[in-house]
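**Student:** Mind having a look at this structure? Questions to follow.
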Amino acid sequence: MRHDVIERYELGWMGVSVVLVVLLFVGVLASMISDTLPGVVESRTRFVDPAHLETTAYAKPGLHEENGELHAYVVARAFTFTPSVLTIPAGRRVTFHFTAADVLHGVQIEGSNINFELIPGHEGVASATFRTPGTYTSACNEYCGAGHQNMAFKLIVENAK
Ligand SMILES: [Cu+2]
């Protein structure tokens, strides 16, 4: 076996790996700059009394406009999300508030990085802007009981009318 041949192959594959690393870096950078993935701008955990959700903003689940900002409140309980279908306008920042009323549930909205483990008493809050109209589905992703497999959430992003 000749060593100069092996060195040529090594150099070639080193070149390929450098190109792949550069492409990965450029791809991540382009995705960040173009904001293609609806990103969680802020995320924090708050506390809420699961036995008295009727005294909180979760008493009226759904989309509300508060001081010019859109807030969506969603309650997870065995075996449904309330509301199970949420419609929001495309291109507007929405702050999502999720909580669980009974046992552990989970939600991860397709096409975004919103992913909450829903613990009774805790509130998952995240703001995101969905720019592409469409239907984004989600299923409860923490086993919560006999009806777990039917527990689905649908986010519909519509162009503003
Ligand atoms: Cu569940």
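The values are calculated or read from the model by the stated rules, or taken from the named source; none is laboratory data. Given the structure is predicted, the values throughout are model-derived calculations rather than measurements. Every residue, glycine as well, gets a Cβ built from its backbone with ideal geometry; the counts of neighbours run over all protein chains shown.
**Student:** Out of region 89-114, which residues are under 14 Å from Tyr58 (Cβ atoms), over 15 Å from the mean Cα position of the chain (by Cα) and part of a strand (DSSP E or B)?
**Tutor:** Ala100
**Student:** Related question: Taking only region 149-161 into account, find how many residues are more than 18 Å from Ile109 (Cβ to Cβ) and either of a type in the set (Lys, Arg) or away from the ligand (no atom under 15 Å from the Cβ) (or both).
**Tutor:** 3
**Student:** Then there is this: For region 93-100, does any single residue satisfy the condition of being within 15 Å of the ligand (Cβ to nearest atom), surrounded by 17 or more Cβ atoms within 10 Å (Cβ to Cβ) and not polar (S, T, N, Q)?
**Tutor:** yes
**Student:** While we're looking at this one, here's another question. Would you check if there is a residue in region 99-122 being on the phi > 0 side of the Ramachandran plot and in contact with a strand residue (DSSP E or B) (Cβ under 7 Å, 6 or more places away or on another chain)?
**Tutor:** Yes, region 99-122 contains at least one residue that is on the phi > 0 side of the Ramachandran plot and in contact with a strand residue (DSSP E or B) (Cβ under 7 Å, 6 or more places away or on another chain).
**Student:** Among Leu86, Leu70, which is the only one that is part of a strand (DSSP E or B) and closer than 16 Å to Phe153 by Cβ?
**Tutor:** Only one candidate passes the filter, namely Leu86.
**Student:** Go through region 115-148 and give me each residue that's free of Cβ contacts under 8 Å to residues at least 40 places away in the same chain, near the ligand (Cβ under 9 Å from one of its atoms) and not in a strand (DSSP E or B).
**Tutor:** Start the filter on region 115-148 by keeping residues that are free of Cβ contacts under 8 Å to residues at least 40 places away in the same chain, which leaves 115-117, 119, 134-139, 141-143.
Pick out the ones that are also near the ligand (Cβ under 9 Å from one of its atoms) and you get 139, 141-143.
Asn141, Glu142, Tyr143 - these are the residues of region 115-148 that are free of Cβ contacts under 8 Å to residues at least 40 places away in the same chain, near the ligand (Cβ under 9 Å from one of its atoms) and not in a strand (DSSP E or B).
**Student:** With respect to Val41, is the statement that it is surrounded by fewer than 10 Cβ atoms within 10 Å (Cβ to Cβ) and at pLDDT below 85 true?
**Tutor:** The answer is no for Val41.
**Student:** Could you give me the residue pairs with C-beta distances under 7 Å whose first residue belongs to region 59-79 and is in the same structural domain as Val94 (by TED's automatic domain parsing) and farther than 16 Å from Ala101 by Cα, whose second residue is part of a loop (DSSP other than H, G, I, E, B) and not aliphatic (A, V, I, L, M) wherever it lies, and which are 6+ apart or on separate chains?
**Tutor:** Note: pairs meeting the criteria are Leu70/Arg92.
**Student:** Say we look at region 56-67 and pick out the residues that are assigned to a strand (DSSP E or B) and modelled with pLDDT of 90 or more; which of these is nearest to the ligand (Cβ to nearest atom)? If you could, list the steps in order and put the result at the bottom.
**Tutor:** Step one: filter region 56-67 for residues assigned to a strand (DSSP E or B), giving 62-66.
Keeping just the survivors that are modelled with pLDDT of 90 or more gives 62-65.
Values: Gly62: 19, Leu63: 22, His64: 24, Glu65: 29 Å.
Among them, the one singled out is Gly62.
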